[in-house]
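The values are calculated or read from the model by the stated rules, or taken from the named source; none is laboratory data. Keep in mind it's a predicted model, so treat the numbers as computed, not measured. Counting neighbours? That spans all protein chains shown, and the Cβs are built from the backbone with ideal geometry, glycine included. When the accessible area is computed, the model is the full protein with side chains, heavy atoms only, and any ligands, DNA or RNA have been set aside. Shrake-Rupley method; radii C 1.70, N 1.55, O 1.52, S 1.80 Å.
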Amino acid sequence: MSNVKKRASLFIKGLVAAILILGIGYTIYMNFFKEKEATAIDKSGLASNFTLKNLKGEEVKLEDYRGKGVLLNFWATYCPPCEKEMPYLESAYKDYKDKDIEVLAVDVGEPRIIVNQFVSKKELSFPVLLDWNADAVDSYEVNTLPVTFLINEKGEITERISGEMTEEKIRHCLKSIVPER
């Protein structure tokens, strides 16, 4: 094989490899790193409804909170950033609950007894919901914890926040979804 053919063959192999690497990189970026603003929105443009049980075993539907601002937080007891932000959520919730704001904390797949012990230890007063089958997690495309969605009184998602939030950030978020009077 001549030198020219070898170079052409190497060039084509390199080009194919580069295209494959770019394609794989793009796929990883789109699936794991790009913020998904349009997730969890149903066909009507509203936050996807779900029905989950609270710690008392009662069914709770997201749509029951229409007319209120909702901070929807996905978390787990084994998640250190989740544990760190829970007292901040509680403190802010106490200050904003009388302003038609609700905090809904959706635990991701843990047994009720573990979640109940955590909630008692942290003295949390906002509703804690259990997503044993990952229905809400799948609907909202939650891949990491914690993840928080801000939902206005119309039921529209206004923001998705990945990662731990400070108390200042939580208060800013709650202030942004206080229903207009």
Problem set entry | Backbone HN-Hα couplings from phi across segment 154-171 [Karplus 6.51/-1.76/1.60, Hz, Gly and Pro as x] | 7, x, 9, 6, 9, 6, 10, 10, 9, x, 5, 10, 7, 5, 4, 5, 4, 4
Exercise. Taking N as the number of residues in segment 102-181, what value does Rg over Cα atoms divided by 2.2 N^0.38 Å take?
Worked result: 1.17
Exercise. So how do 154-167, 61-74 stack up, highest first, on mean other-Cβ count within 10 Å?
Worked result: 61-74, 154-167
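What accessible area per residue comes out for segment 67-181, rounded to a whole number of Å², with a 1.4 Å probe?
Accessible surface, normalised per residue, equals 47 Å².
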Exercise. Quick one: Cα centre-to-centre distance for segment 110-181 and segment 43-72, in angstrom?
Worked result: 11
For this session: Tell me the label-point distance for the pair F11, I113, using the 7 Å Cα-to-Cβ offset, in nm and rounded to one decimal.
Result: 6.9
Exercise. Along segment 93-104, what does the Karplus equation 6.51 cos²θ - 1.76 cosθ + 1.60 (θ = phi - 60°) give for ³J(HN,Hα), rounded to whole Hz, x for Gly and Pro?
Worked result: 4, 4, 7, 10, 5, 7, 10, 6, 10, 10, 9, 10
Problem set entry | Label-point gap, in nm, between E159 and N54 - each point 7 angstrom along Cα→Cβ | 2.6
Problem set entry | Charge sum, other residues only, whose C-beta stays under 13 Å from Y65's C-beta, Lys/Arg counted +1 and Asp/Glu -1 | -1
For this session: Enter the per residue convex hull volume of segment 44-159, computed from alpha-carbon coordinates, in Å³ rounded to the nearest integer.
Result: 100
Seminar exercise, completed: Pairs over 26 Å Cα to Cα, from K121/K154; K56/K154; K68/K121; K53/K169; K61/K154, come to K121/K154; K56/K154; K68/K121; K53/K169
Problem set entry | Virtual spin-label span in nm between K61 and K84, 7 Å along Cα→Cβ | 3.8
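Using a Förster distance of 35 Å, how high is the FRET efficiency between K122 and R181, based on the Cβ-Cβ distance and rounded to 0.05?
Rounded to the nearest 0.05, the efficiency is 0.65.
At 1.4 Å probe size, with the rest of the protein present, what percent of the exposed accessible area of segment 64-158 is carbon and sulfur atoms?
Of all accessible area on segment 64-158, carbon and sulfur atoms account for 46 percent.
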